[in-house]
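> Pasting a structure here, questions to come.
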Amino acid sequence: MNVSYDLLSVSIDAGIAHLRLNRPSKRNAINNTLVRELQTAFVNLPDDARVAVISGEGEHFCAGLDLSEVTEQSVAEGIHHSRGWHAAFDQIQYGRVPVIAVLHGAVVGGGLELAATAHLRVAEPSTFYGLPEGQRGIFVGGSGSVRIPRLMGVARMTDMMLTGRVFDAAEGQAAGLSNYLVGEGEGLAKAMALAARIASNAPLSNYAIVQALPRIAEMAPAEGLFVESLMSAIAQGDDAAKQRVRDFLEKRAGKVGKSS
Ligand code: 1HE
């Protein structure tokens, strides 16, 4: 199944939805249309989609906020604009399915905010990360101040924003911005292989990982432990979990670290 929006193309095959930022002439800069299309696409993912992969067409993943839309904005419009990004990006992080971002070229400003919204990031060697907001006289507004420090720490993000420091792909991997660093042109294949693996998990386990894990990580330990107990009992109670545990005990399932 294929759906084409103005600036976003979506195809769904074997339970994996592939969303491509499709504005290469503007380096996939995110304007109001694209942010709305991302939100709509994630809200409307069909039931058979179990994982989503986001990539960028052309030489770069994403050049961030479309700066041509900033100059005429009032303060009030700026707040609504940022809240619109938050709504769209929440739909990605807290939607129904795990999301993998494939990174290459520029992953800057709002592009890094988008990448940080995904649950996993696969980077190619051409990837470079920047937060040029300081130089542009603005601040992150697409959830970067909340999500990026959770990947790389406040100190590194502060450095990038204050000094304009750019991290290359290897530095980004070491700093926690990517989970996997693969060869040039190999990012999508790696993401698809990871997606297939994730799609083979019990759907309720994936849902718990995406929904409960980041929330529990923000809770005080006592509350986190309580929610963990509830989530674990819910997941274990599902038929899919019972079947999978039986499969292991009866030697029908793979061992950890060995392909099944
Ligand atoms: C853009 C944008 C953009 C490119 N908004 N039009 N983001 C930035 O500050 C990044 C600004 N962009 C760049 O530094 C470079 O474009 C790149 C390093 C990403 C790519 O360089 P390059 O040489 O491949 O492309 P280019 O020639 O610079 O750009 C091609 C076209 O895309 C050109 O337009 P054209 O009409 O002259 O062809 C550029 O103007 C256009 N373009 N990036 C608008 N970002 C929710 S708050 C988030 C806050 C932020 O994201 S701040 C960071 C914004």
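> Scan the stretch 173-186 and tell me whether some residue there is touching a helix residue (DSSP H, G or I) at 6+ places or on another chain (Cβ under 8 Å), modelled with pLDDT of 95 or more and within 16 Å of the ligand (Cβ to nearest atom).
Checked against the condition, which is being touching a helix residue (DSSP H, G or I) at 6+ places or on another chain (Cβ under 8 Å), modelled with pLDDT of 95 or more and within 16 Å of the ligand (Cβ to nearest atom), the stretch 173-186 yields at least one hit.
> Continuing with the same structure: Out of the residues in the stretch 47-94 that are of a type in the set (S, T, N, Q) and within 20 Å of Pro132 (Cα to Cα), state the one that is surrounded by the most Cβ atoms within 10 Å (Cβ to Cβ).
Applying the filter and picking the extreme gives Ser82.
> Which residue pairs have Cβ atoms closer than 6 Å, lie 6 or more positions apart in sequence or on different chains, and pair a first residue in the stretch 248-259 that is in a loop (DSSP other than H, G, I, E, B) with a second residue that is surrounded by 10 or more Cβ atoms within 10 Å (Cβ to Cβ)?
Short answer, once both residue conditions are applied: Ala253/Asp247.
> A further question follows. For the stretch 135-145, enumerate the residues that are surrounded by fewer than 14 Cβ atoms within 10 Å (Cβ to Cβ) and more than 8 Å from the ligand (Cβ to nearest atom).
Gly137
> Can you tell me how many residues within the stretch 1-26 are under 13 Å from Gly64 (Cα atoms) and either surrounded by fewer than 21 Cβ atoms within 10 Å (Cβ to Cβ) or away from the ligand (no atom under 16 Å from the Cβ) (or both)?
Counting residues in the stretch 1-26 that are under 13 Å from Gly64 (Cα atoms) and either surrounded by fewer than 21 Cβ atoms within 10 Å (Cβ to Cβ) or away from the ligand (no atom under 16 Å from the Cβ) (or both) gives 2.
> Scan the stretch 154-168 and give yes if some residue there is within 16 Å of the ligand (Cβ to nearest atom), surrounded by 15 or more Cβ atoms within 10 Å (Cβ to Cβ), of a type in the set (Gly, Ala, Ser) and within 28 Å of Ser68 (Cβ to Cβ), otherwise no.
no
> Could you check how many residues of the stretch 117-134 are part of a loop (DSSP other than H, G, I, E, B), crowded, with 23+ Cβ neighbours inside 10 Å and either without any contact (Cβ under 8 Å) to a residue 24 or more places away in the chain or more than 8 Å from the ligand (Cβ to nearest atom) (or both)?
2
> On to the next question. State yes or no: is Ser229 within 19 Å of the chain's Cα centre (by Cα) and among the hydroxyl-bearing types (Ser, Thr, Tyr)?
The answer is no for Ser229.
The values are calculated or read from the model by the stated rules, or taken from the named source; none is laboratory data. Given the structure is predicted, the values throughout are model-derived calculations rather than measurements. In this analysis, Cβ positions are derived from the backbone assuming ideal geometry, glycine residues included, and neighbour counts consider all displayed protein chains.
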